[in-house]
2 protein chains.
Amino acid sequence: MSKPLILVTNDDGIQAPGLAMLSGIMRDYGRVIVIAPQDPMSGMSHAVTVKVPLRIKTLIKEEGFEMYSCNGTPVDAVKLGQKVILRHKPDLVVAGINHGSNSAINILYSGTMAAVIEATIEGIPAVGFSLTDYSPQADFSACAKYVKVIVEKVMKQGLPAATCLNVNIPDVAAEEIRGIKICKQGRGTWDEEFDERKDPRNRDYYWLTGLFKTYENGHDTDVWALSNKYVSVVPVHLDFTNHQAIAEIKKWNLHVE
Amino acid sequence: MSKPLILVTNDDGIQAPGLAMLSGIMRDYGRVIVIAPQDPMSGMSHAVTVKVPLRIKTLIKEEGFEMYSCNGTPVDAVKLGQKVILRHKPDLVVAGINHGSNSAINILYSGTMAAVIEATIEGIPAVGFSLTDYSPQADFSACAKYVKVIVEKVMKQGLPAATCLNVNIPDVAAEEIRGIKICKQGRGTWDEEFDERKDPRNRDYYWLTGLFKTYENGHDTDVWALSNKYVSVVPVHLDFTNHQAIAEIKKWNLHVE
């Protein structure tokens, strides 16, 4: 039986330590193809590149381990990896380890989780890993054993249909982590401000800044789990429909004369 | 009582006919602030701009109608409109009318629906409108009365908590439209290929191409409604958790020795 084929990507870019950590771990589980954006792509969400042509750069091509960069987004990377490099579907897609939390609504802005969701659309089992430390020097050493236990389980059991996992790891010493919690996505928002400046020609420009604010603190949310030193695992699906609201809106009896 | 304040945006850019159509309609309902990307931003999803500073250009500033362009994404436009131009929340955000369908999984790639979802995160009632015709010369004339009936209802009734509407209008003559269906998001995917080319220096490059393929044809989906000449209205929420999968994954009993 041939070894499983594992595609690894991220949104922090090909040079991110979190990607090196994750692709190193995955070598224990199969043939690894790394394809990631050449530049950091945080906050790129599910964007795809349609205005400029995509290019791929081969960095490493060894038996069992290949590494490529591309000029696209994380979602482009998954598409290129599957449709240009492999020419078929990998057995597993993992993304990360992200430098920074992708808990709560951050899943929506995250390029890392977008890559995972893209794989899920394609029917490929997929898991995203994030460490709640945004710094490039983040210490990923506590992550390895959690990545392993989750990947092993997913490779053995599979995942529920059209569902991927959003795994966040708290930024604390390995011995302080209290375990793994299966959770729902917590509610929250970014309390944002624009840092307003003037350029040397006296024209205004703006930088987005902000702090995440949580709205609920139920023990069943990823936000609670992380702030209580648990690894959070949220099963994420592709259906954004608010099914409960359908009946309510049907009552509006919308029609045009 | 002051008139409602309505923010209008899109992802096809400030010059798109669909935006002009929608902002024109909205003038009947309140003070209108249009802020949209200066260039087309289709496929930008929920991306935010963090690498380059954002800039805003004032195009029109009249009593009751203002128009701005920005160098950001649709999500940036909603944030800038709210936090820099208005300095408070508008009463309603509408986006579109999109040139092309945002039904099924396309909601995930769409900058138009991302703008609507961003407003929803901020607690602002929001509706996205799309016409299932991708051409810049799309005929939006059938859309107006559907936009009106939906906007009037949303302004009167409000929306369920943390829920927005994804409205798609079929590209058929007004008299052929059979009505409005409240639906769930249909399942489907893009059957994609990369168009592979060589540049004058003999280096490979790739353009993303593809056709949407539907997986289900239930009469309760937006895909069915549109192909049967109904306007589809899908209530969309912000929770991506697959709640049913939580119990299943809890049974895995994930733990690290």
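We did not get these values from a lab; they are worked out from the coordinates using the rules stated. Values in this document were obtained by computation on a predicted structure and should not be read as measured data. Note: ideal-geometry Cβ built from the backbone for every residue, glycine included; neighbour counts use all protein chains shown.
Summary of values
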{"item": "Equivalent ellipsoid semi-axes - Cα gyration tensor, the range A:1-113, angstrom", "result": "21, 17, 12"}
{"item": "For B:Leu59, inter-copy label distances in nm, listed shortest first [label point 7 Å out on the Cα-Cβ vector]", "result": "4.0"}
{"item": "Listed residues B:Pro17, B:Pro170, B:Pro160, most fluctuating in chain B (Gaussian network, C-alpha, under 10 Å)", "result": "B:Pro160"}
{"item": "Neighbour-count ranking [beta-carbon atoms within 10 angstrom, fewest first] of B:Leu211, A:Leu59, B:Leu254, A:Leu165", "result": "B:Leu211, A:Leu59, B:Leu254, A:Leu165"}
{"item": "Anchor A:Lys181: lysines whose Cα lies under 18 Å away (excluding residues fewer than 8 positions away in-chain)", "result": "A:Lys145, A:Lys148, A:Lys153, A:Lys229, B:Lys250, B:Lys251"}
{"item": "Taking the range A:1-121 and dividing mean pair separation by its residue count, relative contact order in percent (alpha carbons under 8 Å, at least six apart)", "result": "35"}
{"item": "Residue-averaged beta-carbon neighbours from other chains (10 angstrom radius) around B:113-120", "result": "2"}
{"item": "Estimated D of the range A:86-159 in µm² per second, where Rh is the Kirkwood radius over Cα pairs and Stokes-Einstein applies at 4 °C, 1.567 mPa s", "result": "99"}
{"item": "DSSP beta bridges in the range B:1-94 [antiparallel fraction, %, rounded to 5]", "result": "30"}
{"item": "Sequence of A:Val234, B:Val78, A:Val147, A:Val256 once ranked by neighbouring C-beta atoms within 10 Å, starting from the fewest", "result": "A:Val256, A:Val147, B:Val78, A:Val234"}
{"item": "Kirkwood Rh, angstrom, the protein assembly as shown [1 / mean 1/r, Cα pairs]", "result": "23.3"}
{"item": "P(r) histogram, all alpha-carbon pairs of the range B:20-72 included - 5 Å bins from 0, percent", "result": "4, 17, 24, 22, 17, 12, 4, 0"}
{"item": "Test item: Cα-centred dipole of the range B:1-71, Lys/Arg +1 and Asp/Glu -1 on Cβ, debye", "result": "220"}
{"item": "Lys, Arg +1 and Asp, Glu -1 on Cβ, resulting dipole of the range B:192-247 about Cα centre, debye, nearest 20", "result": "240"}
{"item": "Peptide-level mean, for A:48-56, of C-beta atoms on other protein chains within 10 Å", "result": "6"}
{"item": "Cα principal axis extents for the range B:103-254, largest first, Å", "result": "60, 55, 32"}
{"item": "Per-residue ³J(HN,Hα) for the range A:42-56, Karplus 6.51 cos²θ - 1.76 cosθ + 1.60, θ = phi - 60°, Hz, x for Gly and Pro", "result": "4, x, 7, 6, 8, 4, 10, 9, 10, 8, 10, x, 8, 10, 10"}
{"item": "Antiparallel bridge percentage (DSSP; both residues within the range A:145-254; nearest 5)", "result": "75"}
{"item": "Estimated FRET transfer efficiency (B:Ala162, A:Lys251; beta-carbon r; R0 22 Å; 0.05)", "result": "0.70"}
{"item": "Cα-based equivalent ellipsoid, the range B:52-190: semi-axes from gyration tensor eigenvalues, Å", "result": "25, 17, 17"}
{"item": "Listed residues B:Ile124, B:Ile97, B:Ser141: farthest to the positive end of the dipole of the range B:80-151 (Cβ charges)", "result": "B:Ile124"}
{"item": "At 7 Å out from Cα toward Cβ: A:Lys229 inter-copy label distances (nm, ascending)", "result": "6.6"}
{"item": "Listed peptides B:3-13, B:192-202, A:218-228 by packing density, highest first (mean Cβ within 10 Å)", "result": "B:3-13, A:218-228, B:192-202"}
{"item": "Ascending list, in nanometres, of distances separating the A:Val172 label from those of the other copies (7 Å, Cα toward Cβ)", "result": "5.9"}
{"item": "Sequence-distant aspartates and glutamates (8 or more away, or on other chains) whose Cα lies within less than 12 Å of A:Lys83", "result": "A:Glu122, B:Asp191, B:Glu192, B:Glu193, B:Asp195, B:Glu196"}
{"item": "Sites A:Leu86 and A:Gln244 - FRET efficiency at Förster radius 45 Å, r taken between beta-carbons, to 0.05", "result": "0.65"}
{"item": "Shielding score for B:191-203, defined as the mean number of other chain Cβ atoms within 10 Å", "result": "2"}
{"item": "Rounded, prolate or oblate (a/c below 1.5 giving rounded, otherwise prolate when a/b exceeds b/c) for chain B by Cα gyration tensor", "result": "rounded"}
{"item": "The range B:129-229 - charge dipole about Cα centre, Lys and Arg +1 at Cβ, Asp and Glu -1, debye rounded to 20", "result": "440"}
{"item": "Sites B:Glu193 and A:Glu152, calculated FRET efficiency, Cβ-Cβ separation with R0 30 Å, nearest 0.05", "result": "0.30"}
{"item": "Charge dipole (the range B:125-256, unit charges on Cβ, about Cα centre) - positive-most of B:Met155, B:Asn242, B:Phe194", "result": "B:Met155"}
